[in-house]
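Here the structure comes first, spelled out in structure tokens, and everything after it is commentary.
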Amino acid sequence: LVGFDHSLLRQGETSVTLTFANGGSSSVDWVIAMDPDRVQSSLTTINDFYASFQELETTRDKWRQDRADECSKIPGCPHNEAMSDAGRRFHAVSAYRRLLGDLPDELLKGAARLVADQVAVKSSANTVASGVNTFDALLLPQPMLPVPLAATTAESRMHHGVRGLRETSTAVPSSVASSEQATEGSKFEEVAAKVRECIKSTELGKDVKVIYVGGQKEFATVLAYGDMMVYKLQSMGTSLQDMLTALIAYKELVKYARKNRIKRVLIDLVSNGGGLVLLSDVLQSLFIKDYDPKTLCSLYDKRVAEYWREWVLSFGQGLDHSIQQHVDEIDKRARSTTLDVAKWYAKWQLKYLYGLVTASNDILGKAFGCSGAFPPAACRGQIIVDAEEILSWANKVEKAQDVDSIMAIVRDVLPKHPFVPTSLYDNGAAGWFPFTSGEIVDRETLDPFEDLTDVSQPVEQFWGGVKANFSKRGIFASCPSSVVAAQNVIALSMQGLMPDDILDYRDHPFEDVAVVTDGLSGSAGSSFPSRLIVSGYVTAFTYGGNGDGFMDTSAFAGGNVLEYSSWWPRTAVAAELGMWLLPDSAWERYAISINATHKHGDTVTPAYPYPMPLQAANARFNFNIMYLKELGVGPEDKQTMLPRQYYRIPAHKHYMRWPKHIQESCGNPKGQLELYQAISKENWCAVRMNPEKLGKGWDQACVPKAEQCKCCHTIDNPDEKKLATAVIVLLILLGVCCCTCLGGIGYCCYKKFFHPGVPRGDARTVPLAGGQQYTNAVAPADQQLTEPATAARQD
């Protein structure tokens, strides 16, 4: 807490002492600051999306009225049907009317008193480099594009893995890239120099060698301390550059350890808040030498409420199937009535779609930073679609001369679905956001569950006296692509996510591996150490806590953490488009049946997620639940286990010491190195074989076997073996061919494999950057060389 006159805040201080009216005092380590000028607005500013929904409601009402008016002028038009929807209004507006109102005076007075008494700071101290007030920055939407659209920084997008990353590669001009790399390089050097200076300023630092420091602020650090290496990660990364930096750090770690014959490595994850699940999977694979996704990858499932099960049963068969059903319904109605009524029905269906798409562009555009007259090119198709095109379809329908012409127009435009943002569905597969077939895959087959049966056919669990449904367990789709096998390294290094020579450092020299945390490692920063510990090869150390030594080695478990601000817009749009495609679905009926709070007369509208009422409110949540298969009990085919977060996994040894601010090397270098010194003096294998909480948190069944004292038994990737076999067979075949050619009977071999089926022309060698050369075959001047790959196979 910072006093109004700033008297409690001093540069360099990490805690303050507060004196209370009763004479008591207390030392406070955490400083919370608010700008009093912003409190009132933050509590009363309505979310911008409210206006979007009001506009959608207005458009929908006008559509219903205009549709009914036109119907009344057409003989044979079903007037009752046209009027029956007139009373249906959008449910979110009613929700806002109930929630907003006037905030209680007690709340406002309490907030004002809090501001006046305790929490003012100078605006100059609360301004970020961009000139935006820090509190303002917290209130602003944080636009993040879905993975298929852009490589984002949130771990919630990284579970899509290599598929999503590959689609987002963008060419950068070499001059720009060189300038950016030079700038980043200088910042890296500044950070590295600062870390070296901090460590050398301590007495223990004289025995420490700083091998590598990566990041524009300290992110990945490699130290050598006596007979021990230290690999320190402050998070699991928030960008793709962080992933590359972490793996370069790993490479430097192994390189130095090999050269100096160091066999021990301590992984420092103090206050590691998580980040990229992809990086966590890669590092797990490297440190415990497990390259088989079936043994390495953690299991995940979802709690499947009836609401979401009905969603999947209604929309999960895939967009193509849903559109075909919609087209069939239009065809059925068009052929059972007059031409004028058929045109009326088809035209107003398209106009309704136009209103939905316009609202979708507005809502998704705001959520993902794609709004405005000229949205970024990457937004088009995946977030923003062409709504005006739909009106042209409606105009064509209105001019149609017969039912066949109407259906020809409908069948020409709807199956191509250019009106659906591609971020809502899997291309050519089952699924409809937020459930798609590309997220969780079957652990055994490594393929998506067929027709989303993992959700539509859930598994019942009876936990804590309550029965609930959960999806079938699988692994993240990105994990098989993250294990450090040859085929994956090629793909990841081509995308700049991994050093291309990482395979040379895969077989690390470490026989002793340990991890140290303060219990605050969360998300991917929890799944990483949890997986290392249960492997049996890694010793865990913790410090701090409340003094009883029973603390967990990490906090909340990893999953794909979702930002509600970017999740609800796609879910809301998916609900509206789903109801247009498949009206009166099982999900819609269920969503109406549970929506007891948003009634409009005799009509109840379906319930689905919508924005927070106030701009200042936001949420993050994890839809997926992580499991460690090593904690399963019972026969292998009927094993049961609880989610990771229901277990306390204590360290093998806990230190009753409380060094502050050692997440960063410069925060408290003396405390950090003293902790490293204490850990380095331990016999790690002996500690692991004799955990201090044995029988009080550690069960004997979890104590590693003697053969696990030395790290680590390599688990090979089966696909890598297949790849190696295929390469060997190919080399043998090539060798046989060459030997046959040398034997004098190789003309057919030459003709079959190398002789082109077009006139030869000439070959030109073009010099490229880096001394490489590229040979280009050129046909004679009067002929064109087309499809050279096909031509080369012709006789």
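The values are calculated or read from the model by the stated rules, or taken from the named source; none is laboratory data. All figures in this text were calculated on a predicted structure; none of them were measured in a lab. Because the Cβ atoms are built from the backbone with ideal geometry, glycine has one as well, and the counts that use them run over all protein chains shown. The accessibility values were calculated without ligands, DNA or RNA, using every heavy atom of the protein model including side chains. Shrake-Rupley method; radii C 1.70, N 1.55, O 1.52, S 1.80 Å.
Structure data summary
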{"item": "Some residue of the range 339-346 being of a type in the set (Val, Ile, Thr), over 30 Å from GLU563 (Cβ atoms) and crowded, with 17+ Cβ neighbours inside 10 Å", "result": "yes"}
{"item": "Candidates ASP504, ASP548, filtered to the one that is within 17 Å of VAL282 (Cα to Cα) and free of Cβ contacts under 8 Å to residues at least 60 places away in the same chain", "result": "ASP504"}
{"item": "Residues located in the range 514-525, provided they are surrounded by 24 or more Cβ atoms within 10 Å (Cβ to Cβ) and within 16 Å of LEU266 (Cα to Cα)", "result": "ALA514, VAL515, VAL516, THR517, SER521, GLY525"}
{"item": "Residue in the range 206-224 that is farther than 28 Å from VAL489 by Cβ and at pLDDT 95 or above present", "result": "yes"}
{"item": "Pairs, first part of a strand (DSSP E or B) in the range 461-476, second open to solvent by 20 Å² or more (accessible area, probe 1.4 Å) and among the aromatic types (Phe, Trp, Tyr), C-beta under 8 Å, six or more apart", "result": "GLY474/PHE449"}
{"item": "ASP328 vs. criteria open to solvent by 50 Å² or more (accessible area, probe 1.4 Å), in contact with a Gly (Cβ under 8 Å, 6 or more places away or on another chain), over 22 Å from TYR564 (Cα atoms) and not basic (Lys, Arg)", "result": "no"}
{"item": "Selection from the range 659-686 of residues that are within 29 Å of GLN700 (Cα to Cα) and touching a Gly at 6+ places or on another chain (Cβ under 7 Å)", "result": "SER680"}
{"item": "Residue match in the range 174-186 (condition: in a helix (DSSP H, G or I) and either modelled with pLDDT of 90 or more or surrounded by 15 or more Cβ atoms within 10 Å (Cβ to Cβ) (or both))", "result": "no"}
{"item": "Conditions (1) among the acidic types (Asp, Glu); (2) surrounded by fewer than 18 Cβ atoms within 10 Å (Cβ to Cβ); (3) closer than 30 Å to TRP344 by Cα: number failed by ASP362", "result": "(2)"}
{"item": "Residue check, ASP548 in a loop (DSSP other than H, G, I, E, B) and surrounded by fewer than 20 Cβ atoms within 10 Å (Cβ to Cβ)", "result": "yes"}
{"item": "Some residue of the range 445-452 being under 29 Å from ALA586 (Cβ atoms) and open to solvent by less than 40 Å² (accessible area, probe 1.4 Å)", "result": "yes"}
{"item": "Residues (assigned to a helix (DSSP H, G or I), within 34 Å of the chain's Cα centre (by Cα) and closer than 27 Å to ASP227 by Cα) located in the range 684-716", "result": "ARG688, GLN708"}
{"item": "Check on PHE374, of a type in the set (Phe, Trp, Tyr), open to solvent by 30 Å² or more (accessible area, probe 1.4 Å) and closer than 29 Å to TYR610 by Cα", "result": "yes"}
{"item": "Meets criteria (part of a loop (DSSP other than H, G, I, E, B) and of a type in the set (A, V, I, L, M)) for LEU497", "result": "yes"}
{"item": "Odd one out for VAL270 among (1) crowded, with 24+ Cβ neighbours inside 10 Å; (2) within 21 Å of the chain's Cα centre (by Cα); (3) of a type in the set (Val, Ile, Thr)", "result": "(2)"}
{"item": "Counted residues, the range 56-81 - those being touching a helix residue (DSSP H, G or I) at 6+ places or on another chain (Cβ under 7 Å) and either among the acidic types (Asp, Glu) or closer than 25 Å to ALA572 by Cα (or both)", "result": "7"}
{"item": "Filter result (among the hydroxyl-bearing types (Ser, Thr, Tyr) and within 25 Å of ASP412 (Cβ to Cβ)) within the range 347-387", "result": "TYR352, TYR354, THR358, SER360"}
{"item": "Sole residue being at pLDDT 90 or above, open to solvent by 30 Å² or more (accessible area, probe 1.4 Å) and charged (D, E, K, R), chosen from ARG620, ARG589", "result": "ARG589"}
{"item": "First in the range 65-88 and more than 13 Å from ASP340 (Cα to Cα), second anywhere and at pLDDT below 90 and outside any loop (DSSP other than H, G, I, E, B), Cβ under 6 Å, 6 or more apart", "result": "ARG67/ALA82; ALA68/ALA82; ALA68/MET83; ASP85/ARG64; ALA86/ARG64; GLY87/THR603; ARG88/THR603"}
{"item": "Residue list for the range 200-223, restricted to those being buried (at least 20 other Cβ atoms within 10 Å of the Cβ) and closer than 20 Å to ASN272 by Cα", "result": "TYR212, VAL213, GLY214, GLY215, GLU218, PHE219, ALA220, THR221, VAL222, LEU223"}
{"item": "TYR610 under 29 Å from the mean Cα position of the chain (by Cα), open to solvent by 10 Å² or more (accessible area, probe 1.4 Å), of a type in the set (Phe, Trp, Tyr) and modelled with pLDDT of 80 or more", "result": "yes"}
{"item": "Scan of the range 188-232 for residues that are more than 14 Å from CYS666 (Cα to Cα), touching a residue at least 60 places away in the same chain (Cβ under 8 Å) and under 30 Å from the mean Cα position of the chain (by Cα), ordered by number", "result": "VAL230"}
{"item": "Residues of the range 648-663 that turn out to be part of a loop (DSSP other than H, G, I, E, B), over 19 Å from ASP207 (Cα atoms) and of a type outside the set (Gly, Ala, Ser), as a count", "result": "10"}
{"item": "Residue that is most open to solvent (accessible area, probe 1.4 Å), among those in the range 224-251 that are in a loop (DSSP other than H, G, I, E, B) and under 19 Å from GLY273 (Cβ atoms)", "result": "THR238"}
{"item": "Check on ALA400, in contact with a Lys or Arg (Cβ under 7 Å, 6 or more places away or on another chain), buried (at least 18 other Cβ atoms within 10 Å of the Cβ) and not in a helix (DSSP H, G or I)", "result": "yes"}
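Yes or no, residue by residue, for (1) without any contact (Cβ under 8 Å) to a residue 24 or more places away in the chain; (2) buried (at least 20 other Cβ atoms within 10 Å of the Cβ):
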position: GLU630; (1), (2): no, no
position: ASP637; (1), (2): yes, no
position: TYR646; (1), (2): yes, no
position: HIS652; (1), (2): no, yes
position: TRP658; (1), (2): no, no
position: SER665; (1), (2): no, yes
